[in-house]
Each structure stands twice: as C-alpha cells, then as structure tokens.
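Here the structure is laid out as structure tokens; the discussion comes afterwards.
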Amino acid sequence: MKEIALSATHKALGAKMVPFAGYNMPVSYEGVTVEHQTVREGVGVFDVSHMGEFLIEGPKALELIQKVTSNDASKLEEGRAQYSCLPNETGGVVDDLIVYRVKPETYLLVVNASNIEKDWAHISKYNEEIGADMRNLSEAYSLLAIQGPKAAEAMQSLSSVDLAGIPFYHFVVGDFAGIPYVIISATGYTGSGGFEIYCKNEEVQQVWDKVMEAGASYGIKPIGLAARDTLRLEMGYCLYGNDIDDTTSPLEAGLGWITKFTKDFVNSQALKAQKEAGVTRKLVGFELEDRGIPRQGYTITDADGAPIGEVTSGTMSPSLGKGIGMGYVPVSHAQPGTTIGIQIRKNNLPATVVRPPFYKG
C-alpha cells in the first residue's frame with residue numbers, strides 16, 4: 001500500500017484511512033454529512049495526491065493527445081484545461097481525464113489513481129508510432145483540492161494571482177503559500193467552486209499548513225473521499241469504475257459532448273457509427289420517492305418490477321435529504337419523469353428519472 005506525502009498529517013487529524021486505488025487515503029474525519037455541508041456552504045480541503053500526472057511534450061505532443069483522447073485538444077489555448085476520455089478499441093472507456101495545455105508543446109494529463117499503470121500502457125502503445133516525449137510524474141507530485149464558495153476569498157492572502165478571476169476549466173502557473181511555481185486550477189469535482197493546487201511532494205506540507213492557517217477564520221476543514229463522492233454524485237459527475245468503465249460507451253454515458261468526430265481517434269469510426277445508429281441504453285439520474293438509500297449494484301426495474309438495469313452510483317444526498325443515484329437503463333426508460341423501481345433488499349422502491357445535476361446550488 002502506497003502512502004501519500006501527508007499521510008501522517010491526516011492520521012494526526014483523526015482521519016479514518018482506507019485503501020483506495022493502491023494508496024492509503026483519508027476517507028473521512030468528522031463524518032460525511034458534516035464534511036459535505038462544509039464544502040457546500042464554506043470551504044474544505046481534500047488531499048487527492050493519489051491522482052496520476054503525465055507530462056506529454058515536444059512537437060508530437062498534440063498529435064498523440066489527439067489520437068488517444070476523445071475531445072478536440074487542438075482547441076486548447078495555454079492556461080486552459082479540457083475534460084476528455086481515453087476510448088478503448090472495443091467501444092468502452094480506458095479512463096476519463098483532464099488535459100491541461102501548459103505551453104505550446106507541453107501538456108499535462110491528469111488521470112485516475114486506479115488507472116495510472118493502465119493509462120500509461122495504453123497511451124505508450126499509441127506513442128510508439130508518434131514519438132512524443134512522455135514522463136510519468138505521478139509519484140513526485142501532490143494535489144490538494146480546495147473547494148467551496150468561500151475558497152477563493154479564504155485563500156487569496158496566499159497568492160498574488162487573482163484566484164476568483166480564474167474561470168472554470170482554466171489554470172495559472174503562479175505563486176501559492178510561499179511556493180513560487182504551482183499549478184492553480186479551477187477544475188473542481190464538487191460543483192461548489194474552488195480550485196486545485198498541484199505541487200511537488202516536498203512542498204505539500206508547507207502548502208497544507210498555510211492553507212489550514214489561512215482558512216481557519218473561514219471554518220476550513222479537511223474533507224475525506226467519502227464526502228467527495230457524495231458531492232460529485234449530487235452534480236451527476238461520472239466516477240470511473242462505477243458509471244464508466246471498459247464496457248461503457250462515452251455516448252451511453254452522456255459524454256457525447258467530449259466525443260468530437262472532427263478528428264480521427266482510437267475507435268472513432270465505431271463510436272461515430274454508434275452515434276448515427278443511436279444508443280440502446282443511457283446513463284440516467286434518478287431520485288427515490290420513498291425513504292431508502294440506493295447502492296451500486298442494486299437492480300433497477302421498470303414500473304412493473306421487471307429488471308432493466310442496475311445502479312452504478314447511489315447515496316443519500318446530504319443536500320437534498322433523499323436517495324439519489326445513477327444507472328444504465330434502456331432508452332425507452334431514459335426520459336426525465338419516467339417512473340422506475342430500485343430494488344433495495346426485499347422492497348422495490350419507486351423512483352423518478354431526473355436530469356442531473358441533482359443539486360442546483
């Protein structure tokens with residue numbers, strides 16, 4: 001089990017540590033509901049240093065990224081980030097990721113922790129012909145996500161960069177917490193604003209300490225992965241391994257907006273044909289009508305109780321006070337307002353298909 005740089009700090013704060021994607025990670029401190037509301041209403045900080053970072057450089061960098069990702073990275077200007085995915089050869093998704101354009105021929109790919117080795121092997125396979133310069137920086141860098149409506153105000157004293165002025169999916173390389181060069185990125189996963197700080201492992205303790213100090217008067221708290229999951233689910237954001245995986249098409253998952261057929265990429269012809277023919281199932285959001293908590297793997301039924309799919313992500317929404325979730329259903333049952341059932345133990349509870357985000361802010 002790998003340890004992140006701040007492992008001892010989290011343990012000293014009373015974090016409950018659990019194995020996640022090969023790393024020992026803080027899953028909660030005070031409890032999911034308290035931590036969730038801290039981010040929705042104020043400011044919290046997540047340590048997500050288990051995420052992977054690949055540097056792609058040189059005159060062939062864009063060519064490689066265009067080949068392996070579904071979105072059109074040629075549209076990226078310096079200081080812009082882009083959500084994308086790595087399609088596989090069989091219609092599914094290797095991973096979802098964020099592509100940052102740092103300089104004209106320098107890109108940073110941020111990938112999911114559980115897929116670092118798989119993604120590296122997949123991209124390297126296509127790079128054999130293309131020949132871009134690739135470096136895996138995952139072991140050397142830490143990542144803190146400072147999230148919530150008070151994040152920019154609470155952290156402004158730590159940087160000469162206008163934090164509130166960084167638009168969504170933009171980033172700045174600048175000074176933060178006494179470190180001259182870090183990536184400050186407005187690419188949050190919670191739906192409540194804020195930004196991420198990418199820094200070297202040897203810098204992250206200083207950054208963490210100063211973040212907690214600067215945020216103290218704003219009620220900042222450390223937040224674990226459990227609240228990160230409830231926050232992202234309230235926004236309807238996909239989680240790799242739950243809502244998307246090697247068997248799910250980006251088009252089925254509602255990711256057609258990051259699947260651009262203006263270029264040739266891995267499996268693009270098959271995905272284009274699927275788009276033209278129309279998908280047979282779709283990832284939908286749903287809200288329970290009765291009290292209950294939907295969980296991954298629970299059966300989804302039609303109104304008559306016949307199985308039609310299964311829950312990919314589910315929770316009791318701390319913001320809404322009701323059970324919410326996502327799952328794949330036939331297109332015939334994907335229309336918002338459709339009544340479906342969620343099989344929770346012996347009870348088939350009625351639910352309504354809704355269009356995410358569940359939390360409107």
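The values are calculated or read from the model by the stated rules, or taken from the named source; none is laboratory data. Since the model is a prediction, treat every value here as computed from it, not as a measurement. So basically every Cβ, Gly included, is an ideal-geometry build from the backbone, and we count neighbours across all protein chains shown. Remember, those area values only see protein heavy atoms, side chains included, never the ligands or the DNA or RNA. Shrake-Rupley method; radii C 1.70, N 1.55, O 1.52, S 1.80 Å.
Can you compute 3J(HN,Hα) from phi for each residue in segment 340-351, using the Karplus curve 6.51 cos²θ - 1.76 cosθ + 1.60 with θ = phi - 60°, rounded to whole Hz and x for Gly and Pro?
Once θ is set to phi - 60°, the couplings for segment 340-351 become 10, x, 10, 7, 10, 6, 8, 9, 9, 8, x, 9 Hz.
For the chain, what relative contact order do you get, as a whole percent, if you take Cα pairs closer than 8 Å and at least 6 residues apart?
Relative CO of the chain lands at 17 percent.
Taking a 20 Å limit on the Cα-Cα distance, which of the listed pairs K150/K221; K16/K150; K67/K118; K67/K260; K11/K210; K75/K125 fall beyond it?
Result: K16/K150; K75/K125 exceed 20 Å.
Loop only by DSSP, 13 or fewer other Cβ within 10 Å of the Cβ. Give me the chymotrypsin sites (Phe, Trp or Tyr not before Pro) in segment 162-245 that pass, ordered by residue number.
When the chymotrypsin sites (Phe, Trp or Tyr not before Pro) of segment 162-245 are filtered for loop state and at most 13 Cβ neighbours within 10 Å, F168 remain.
Name the residue, out of D243, D264, D290, whose mean-square fluctuation peaks in a Gaussian network model built on the chain with Cα pairs under 10 Å.
Between D243, D264, D290, it is D290 that shows the largest mean-square fluctuation.
Considering the alpha-carbon set of segment 2-91 alone, what are its Rg and its Dmax in angstrom?
Looking at segment 2-91, its Cα Rg and Dmax stand at 18.2, 48 Å.
Considering only protein heavy atoms, with the full assembly of protein chains and a 1.4 angstrom probe, order H10, H333 by accessible area, largest first.
I get H333, H10, largest accessible area first.
Counting pairs of alpha carbon atoms under 8 Å apart in space and at least six apart in sequence, what relative contact order in percent does segment 252-361 give?
With pairs under 8 Å counted, the relative contact order is 28 percent.
Over the chain, with a Gaussian network built from C-alpha contacts below 10 Å, which listed residue (G14, G215, G323) shows the highest mean-square fluctuation?
Evaluated over the chain, the most mobile residue of the options is G14.
Quick one: Karplus J couplings for segment 157-166, per residue in order, coefficients 6.51, -1.76, 1.60, θ = phi - 60°, nearest Hz, x for Gly and Pro?
Per residue, the Karplus-derived 3J(HN,Hα) values read 5, 8, 8, 7, 6, 6, 4, 5, x, 7 Hz.
Any aspartates and glutamates with Cα under 18 Å of the K2 Cα? List them, leaving off those in the same chain fewer than 8 positions away.
D47, E53, E117, E139, E202
With the full set of protein chains in place, find how many percent of the accessible area of segment 169-317 is carbon and sulfur; take the probe as 1.4 Å.
Reported share for carbon and sulfur atoms: 49 percent.
What does the charge count near L97 come to, summing +1 for each Lys or Arg and -1 for each Asp or Glu among other residues with Cβ under 11 Å from its Cβ?
Spelling it out: positives minus negatives among the neighbours equals -4.
Any idea what log10 I(q)/I(0) is at q = 0.15 Å⁻¹ for segment 94-251, Debye with uniform C-alpha scatterers and no solvent?
-0.91
How large is the helix-only mean residue ellipticity at 222 nm for the chain, computed as the sum of -39500 (n - 2.57) over DSSP H runs with n ≥ 4, divided by its residue count, in deg cm²/dmol to the nearest 500?
Calculated from helices alone, the mean residue ellipticity at 222 nm is -6000 deg cm²/dmol.
For the chain, modelled as a Gaussian network with Cα springs under 10 Å, which listed residue fluctuates most, K221, K263, K200?
Evaluated over the chain, the most mobile residue of the options is K263.
With the full set of protein chains in place, find how many percent of the accessible area of segment 1-153 is carbon and sulfur; take the probe as 1.4 Å.
Answer for segment 1-153: carbon and sulfur cover 50 percent of the accessible area.
How charged is the neighbourhood of I56? Take every other residue with its Cβ under 13 Å from the Cβ of I56, and add Lys/Arg as +1 and Asp/Glu as -1.
Taking every Cβ under 13 Å from that of I56, the sum is -1.
Taking only protein heavy atoms into account and a 1.4 Å probe, give the accessible area per residue of the chain in Å².
Ligands and nucleic acids excluded, the figure is 42 Å² per residue.
Please report, in debye to the nearest 20, how large the charge dipole of the chain is about its Cα centre when each Lys and Arg carries +1 at its beta carbon and each Asp and Glu carries -1 there.
720 debye
What whole number of Å gives the distance from the Cα centroid of segment 1-78 to the Cα centroid of segment 191-237?
Cα centroid to Cα centroid, the span is 10 Å.
Which semi-axis lengths, in whole Å and largest first, follow from the square roots of five times the eigenvalues of the Cα gyration tensor of segment 222-361?
26, 19, 12
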